[in-house]
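Remarks on the structure that follows.
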Amino acid sequence: MDALHPRPVMHCPTPKLGSIASTRRSAGSIDAPIGQSPELQRFPRKDTRTMNNPTRTTDGPERQLLEYMLDHTRGELIDTVRGLSETEARRRLVPSMTTSIGLVKHAAFAERNWFQRVLAGLPDSECDGPMVGEASFVVSEDESVADVIAEFERASNRARTIAADFDLDATRQHPAFGTVSLRWIYLLMIQEFARHAGHSDILREQTDATRRT
């Protein structure tokens, strides 16, 4: 989420430690199936890239590691909505506006905000999507899960293109935080997307549980 705005509060029941392992890849096998029941097997979640295993790249230049881990968290967030129906992706399972599809929609805004608006210095009119803050969690009825994933991927691709022209030490002035570097933006986005992937993972666990009942 844009650090200028408070994140939505997740009021979810504390999950049992073993339950997430049944719907996510275990530490010992990143290709483990999501679930064993025939119902769950009808809704497979795809590996988005090899980035789904963050241990594939563990050494190298700082920039390579930062960009790899950011891509990993991008992929993990997308993976939480793969295979959800339109109804499931929009289901409100917590008191806040947080939904699985809304988290991905908001992530696209975060990419635009930090890479297009802050780093590239583009006016909002030249950013490739709405610059709406908290309203970025709202998904219109005519947008599908595939549409929102595609929007996030477009924003991520543009972020990569923009960032490629800057050194990690390149700085910009932010109205709330003062001087920020590209290195800091990378770290912020890793934190942002990892947190939201965790939020969406819990929502996905709850959704998968309803399929079994």
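The values are calculated or read from the model by the stated rules, or taken from the named source; none is laboratory data. This is a predicted model, so every value here is computed, not measured. Methodologically, a virtual Cβ is constructed for each residue, glycine included, from the backbone with ideal geometry; neighbour enumeration extends over all protein chains shown. Heads up: the accessible areas ignore ligands, DNA and RNA and are worked out on the full protein's heavy atoms, side chains in. Shrake-Rupley method; radii C 1.70, N 1.55, O 1.52, S 1.80 Å.
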| said: Spelling out what I want: for every residue of the range 160-170, take phi, set θ = phi - 60°, compute 6.51 cos²θ - 1.76 cosθ + 1.60 (Karplus), and round to whole Hz; glycine and proline get x. | reply: 4, 5, 5, 5, 4, 8, 10, 6, 4, 7, 4
| query | What is the pair-distance distribution P(r) of the range 101-170, computed from all Cα-Cα distances in 10 Å bins starting at 0, with each bin given as a whole percent? | reply | 22, 51, 23, 4, 0
| said: Let me spell out the model: positive unit charges on the Cβ of Lys and Arg, negative unit charges on the Cβ of Asp and Glu, origin at the Cα centre of the range 81-190. What dipole size does that give, in debye rounded to 20? | reply: 340 debye
| said: Output wanted: per-residue J couplings in Hz (rounded whole) for the range 87-103, from phi through Karplus 6.51 cos²θ - 1.76 cosθ + 1.60, θ = phi - 60°, x for Gly and Pro. | reply: 5, 4, 5, 9, 5, 8, 10, 9, x, 6, 6, 5, 9, 4, 5, x, 5
| query | Based on the mean of other beta carbon atoms within 10 Å per residue, what is the order of 157-168, 58-69, 106-117, 91-102, most packed first? | reply | 106-117, 91-102, 157-168, 58-69
| For the range 185-205 and the range 101-148, what is the separation of their C-alpha centers, rounded to whole Å? | 16 Å
| Considering only protein heavy atoms, what per residue accessible area in square angstrom results for the range 84-213 with a 1.4 angstrom probe? | 42 Å²
| query | Of all the accessible heavy-atom surface of the range 58-213, with the other protein chains kept in place and a 1.4 Å probe, what percent is carbon and sulfur? | reply | 54 percent
| How about the range 125-213: which GluC sites (Glu not before Pro) there lie in a loop by DSSP and see at most 16 other Cβ atoms within 10 Å? | E141, E143
| message | Report the gain in length on full extension from L168 to T58: 0.36 nm times residue separation, minus Cα-Cα distance, nm rounded to one decimal. | response | 37.7 nm
